[in-house]
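Take a look at the structure below.
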Amino acid sequence: TRYFVSNSNVVTVSADGLITAGQAGEAIVTVINGPAESLIPVKVQAPNIGPTLIGTAGGIVQGTNGYQVAIAPNALAESTLVSITPVTQASLPLVMPGPFQYVGSFDLQIGGGRLDVPAQLAIPITGSTLAPGSQIVFFRYTTLEDTSGATFGVWMQEETGIFGADGVARTT
């Protein structure tokens, strides 16, 4: 497979196909594999800092701590307030289940709606012994009801990701 970029100031592509953002703008990545060719439009946008109204065009919201959530175009049916804020380990409602190591937590708010396309997360991790390339598991806290009707808290696996050499965990 070979990759070509229309504007290398906006994005670059590694030999194995990893697209890395540069400056804000738009580019086309041409992917050629054997006789097949695909054109992939890429838009690089600077993140909006703090809670932001995101519409059907999508966008990126960054918390003041550097945590980012990227909402794809057409992921939301209407303009929705999106925010991502850090949460301390001490304030979590339940301890992290073994064998997982806690490395960070956040509160992601996407109005009252659902996403039609999964969001992408970029979470800076500090003070961890994780090696670059380590797999990350993203959990979501929720409550369930047992057979007697009593509720109990659980961590549900929501997504997986990779810890990058740049110290950022990204969803896959």
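Among the residues of the range 130-172, which ones are open to solvent by 90 Å² or more (accessible area, probe 1.4 Å), of a type in the set (Val, Ile, Thr) and in contact with a Lys or Arg (Cβ under 7 Å, 6 or more places away or on another chain)?
none
Residue-by-condition table, conditions (1) over 20 Å from GLY63 (Cβ atoms); (2) among the aliphatic types (A, V, I, L, M):
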{"position": "ALA77", "(1), (2)": "yes, yes"}
{"position": "SER91", "(1), (2)": "no, no"}
{"position": "VAL95", "(1), (2)": "yes, yes"}
{"position": "TYR102", "(1), (2)": "no, no"}
{"position": "SER105", "(1), (2)": "no, no"}
{"position": "LEU108", "(1), (2)": "no, yes"}
{"position": "GLY111", "(1), (2)": "no, no"}
{"position": "ARG114", "(1), (2)": "yes, no"}
{"position": "VAL117", "(1), (2)": "yes, yes"}
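Tally the residues that are surrounded by 16 or more Cβ atoms within 10 Å (Cβ to Cβ) and assigned to a loop (DSSP other than H, G, I, E, B), restricting the search to the range 94-109.
3
Go through (1) free of Cβ contacts under 8 Å to residues at least 40 places away in the same chain; (2) surrounded by fewer than 14 Cβ atoms within 10 Å (Cβ to Cβ); (3) touching a strand residue (DSSP E or B) at 6+ places or on another chain (Cβ under 7 Å) for SER91 and report which single condition fails.
(3)
Restrict the check to the range 110-120 and report whether at least one residue is surrounded by 11 or more Cβ atoms within 10 Å (Cβ to Cβ), touching a Gly at 6+ places or on another chain (Cβ under 6 Å) and without any contact (Cβ under 8 Å) to a residue 40 or more places away in the chain.
Checked the range 110-120: no residue is surrounded by 11 or more Cβ atoms within 10 Å (Cβ to Cβ), touching a Gly at 6+ places or on another chain (Cβ under 6 Å) and without any contact (Cβ under 8 Å) to a residue 40 or more places away in the chain.
Between a residue in the range 147-172 that is in contact (Cβ under 8 Å) with a residue 40 or more places away in the chain and any residue that is open to solvent by 30 Å² or more (accessible area, probe 1.4 Å) and of a type in the set (Asp, Glu), which pairs come within a Cβ distance under 6 Å, given they are 6 or more apart or on different chains?
THR171/GLU159
The values are calculated or read from the model by the stated rules, or taken from the named source; none is laboratory data. Quantities reported herein were computed from a predicted structural model and do not represent experimental measurements. Methodologically, a virtual Cβ is constructed for each residue, glycine included, from the backbone with ideal geometry; neighbour enumeration extends over all protein chains shown. Heavy atoms of the whole protein, side chains included, go into the accessibility calculation; ligands, DNA and RNA do not. Shrake-Rupley method; radii C 1.70, N 1.55, O 1.52, S 1.80 Å.
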